[in-house]
Ligand SMILES: [Zn+2]
């Protein structure tokens, strides 16, 4: 497979977008060293754009992003793709509505993942963004489909765009790469606040009917309707 002329402009734009979105991971303190990445689907093609493996965030450029097929094989790029490419490719193969995937080991969310405990829905922002608890996925070793399968199996049964993979970290999805980054940022924020609340006492639950109405309002009414989230 190659990047054909009809998709050239889209790939160039996505290289820029995916590169720029990595700045949000460092801005919000979600990553250290090179651990964490953003990818985007190339709409209408079995391709994705992802961070190169082991390149520091300061050295990322649109040109060193890597284009892969949905089996994780490099189609265009001088670098090896992120070691999470296979997992993310699996997500794009199985969930056609997903346009972006993000992976981080952000501290508070990963602390919940280390305990294998979902983050309960005790904040309106949790209801807004996740529509309930932030679920935990299975323990999975890197190197085959098991991480991708764990992400897909967990998120298929959930309204949450983020999953805490047990003993590992966060994978988030969205209709766009930007939406997936937002979900990763919100996941860490909710995990941090609920963690702190737990230190102080027992967080109060939100009635499931209120969770439903908050989620529905936020997903369909909130914000500038012309702006894609
Ligand atoms: Zn990881």
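Computed from the coordinates by the stated procedures, all read-outs in this text should not be read as laboratory data. Note that the coordinates shown come from a computational prediction; the quantities given were computed from them, not determined experimentally. Glycine also receives a Cβ, built like all others from the backbone with ideal geometry; neighbour counts cover every protein chain displayed.
Points to keep in mind about this one:
- The fraction of Cα-Cα pairs per 10 angstrom bin, counted from 0 for region 40-153, comes to 13, 37, 34, 15, 1 percent, rounded to whole percents.
- Rounded to whole Å, sorted largest first: equivalent-ellipsoid semi-axes of the chain, Cα gyration tensor: 30, 19, 16
- Cβ crowding within 10 Å ranks 105, 220 as 220, 105, fewest other Cβ atoms first.
- Classified by the C-alpha gyration tensor, region 159-229 has an oblate form. Its axis ratio a/c, with a ≥ b ≥ c, is 1.5 or above, and a/b does not exceed b/c.
- Rg over Rh, two decimals, region 148-193 (C-alpha only, Kirkwood Rh): 0.95
- For a paramagnetic label modelled on residue 4 (point 7 Å from Cα along Cα→Cβ), amide N atoms under 16 Å away belong, within region 52-73, to 69-70.
- Between region 198-225 and region 79-156, the alpha-carbon center distance in angstrom: 20
- Rounded to 10°, Cα long-axis angle of helix 85-94 versus longest principal axis of the chain: 80
- 0 to 90° range, to nearest 10: angle between helix 208-220 axis and the chain longest Cα axis: 40
- Expected 222 nm ellipticity per residue - DSSP helices of 4 or more, -39500 (n - 2.57), all of the chain, to 500: -13000 deg cm²/dmol
- Exposure proxy ranking, count of Cβ atoms within 10 Å, fewest first, for 91, 122: 122, 91
- Scoring 3-16, 77-90, 106-119 by mean Cβ neighbours within 10 Å over their residues and listing the highest first yields 77-90, 106-119, 3-16.
- Angle between the chain longest axis and helix 177-200 axis [Cα atoms, degrees, rounded to 10]: 30
- Exposure proxy order (Cβ contacts within 10 Å, fewest to most) of 171, 215, 130, 139: 139, 215, 130, 171
- Distance histogram in 10 Å bins (all Cα pairs of region 1-61, percent per bin): 21, 49, 24, 6
- Proportion of all alpha-carbon pairs of region 97-229 beyond 26 Å (%): 18
- Net length available on complete extension from residue 95 to residue 197 is 33.3 nm, with 0.36 nm assigned per residue and the Cα-Cα distance removed.
- Per-peptide average of other Cβ atoms within 10 Å, ordering 30-38, 50-58 highest first: 30-38, 50-58
- Computed from the C-beta positions of residue 209 and residue 139 and an R0 of 45 Å, the FRET efficiency is 0.85 to the nearest 0.05.
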